[in-house]
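Just so you know, all these numbers are worked out from the coordinates, no wet-lab data involved. Computed from a predicted structure; not experimentally measured. With ideal geometry, Cβ positions are generated from the backbone for all residues, glycine too; neighbour counts draw on all protein chains shown.
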Amino acid sequence: MRNPKNIVRRLNSALSKSGSNTNPSLTNLILHGPIDKRIISSDNLKILKKNEGKIRKFYNTDILPKIENLIVAMTRGGIRLSNGHEGLSGYFSKKSPEVIRRKLRASYGGQFALDEITAAALFSEERMPYEYAKWSKHSFSKGSNHMVSYRHKETESIISKLKTNFAKLTDGGEINFWDFVMDAAENNYSYLCDFRHYREKYGKKVTDMLPYDLFGVKIVEMSQKKSEENMEYLVDKGLSIDFRHFDVVDIRDHRDRNEECRPGGVHYTLKDKAFRTYPVEVQFRSIKDECFNLVGKKCSRFYEGHGKKACPDFSD
């Protein structure tokens, strides 16, 4: 850390100014990332820990009710969730990986070719570990058209991802990282509002240290043909798609991952228009993507749960 006293002073001053409004991503980076907590004042730590306790509740009460319109936009009206129900949350419930696998198996019908390992796991009778669905809640549409889920990233997962991302920083990356942290702390509202500027200035590896996927929504289209058509539409629309309550921060086209037997799809980072510092990650995937995600040969959840070593380069 260069000029450590100045950085400590500036960081604590910035955190004091933002206080209870410190954005969720920065809150999690400071509490669970590589920053030594001893350089954060006790008052700021108390505020950040209190903020952390409110983040999940806020997503549930203020962000979740808005995602119906988001899902309608992603599926071009192909799915509507809350009609006739009391609130959106009643549509979602925890599903075991066995139930999810049965859903995928029933919808598969030979729509696409699967590698031998993934096919064997999809049709296996061997029980799957529960960890896959532990923190997600799912909704299955009528028939076999869509599978929608949402999840909050747990502290354990945040710590692991931050550790992995920090280890990827190359020579000089730590200095760049500290410049980025100071910039993000002193401009609490600007990170998601000017995402591309930050990414161009500091690079993807550094900006990935702010965990923007704290709350995620996943839409799986169970018809491979329709999903491919819809993903083509989403990529063509790019940043111009109307999400009503949300602005598009970033869009990532990961469809080529399928060539490596990895789950791909089209991924968005969004921010709430009313609460600008609250990011939402949205993934639109095909049934093939979800088969790779659940039981693919590079999926650590299934194989490590049975004492088998997964491909080490899997990341999603």
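Around the Cα centre of the chain, unit charges on the Cβ atoms of Lys, Arg, Asp and Glu (plus for the first two, minus for the last two) sum to a dipole of about 900 debye. Sorted from greatest to least, the principal axis extents spanned by the alpha carbons of the chain come out as 63, 45, 34 Å.
For region 172-235, the list of chymotrypsin sites (Phe, Trp or Tyr not before Pro) that fall in a loop by DSSP and count at most 14 other C-beta atoms within 10 angstrom reads Tyr189. Excluding the site residues themselves, the longest part of the chain lacking any GluC sites (Glu not before Pro) in a DSSP loop with at most 15 other Cβ atoms within 10 Å is 155-316.
Where only DSSP H runs of four or more residues are counted, the chain gives -13000 deg cm²/dmol as its mean residue ellipticity at 222 nm, each run worth -39500 (n - 2.57). Using Cα centres only, tell me the gap between region 1-65 and region 169-199 in whole Å. First find each Cα centre; the distance between them is then 15 Å.
Take the Cβ-Cβ distance between Val235 and Ile117 as r, set R0 to 30 Å, and report the resulting FRET efficiency rounded to the nearest 0.05. For R0 = 30 Å, the calculated efficiency reads 0.55. With respect to the chain, whose longest principal axis is taken over its alpha-carbon atoms, helix 155-167 is tilted by about 70°.
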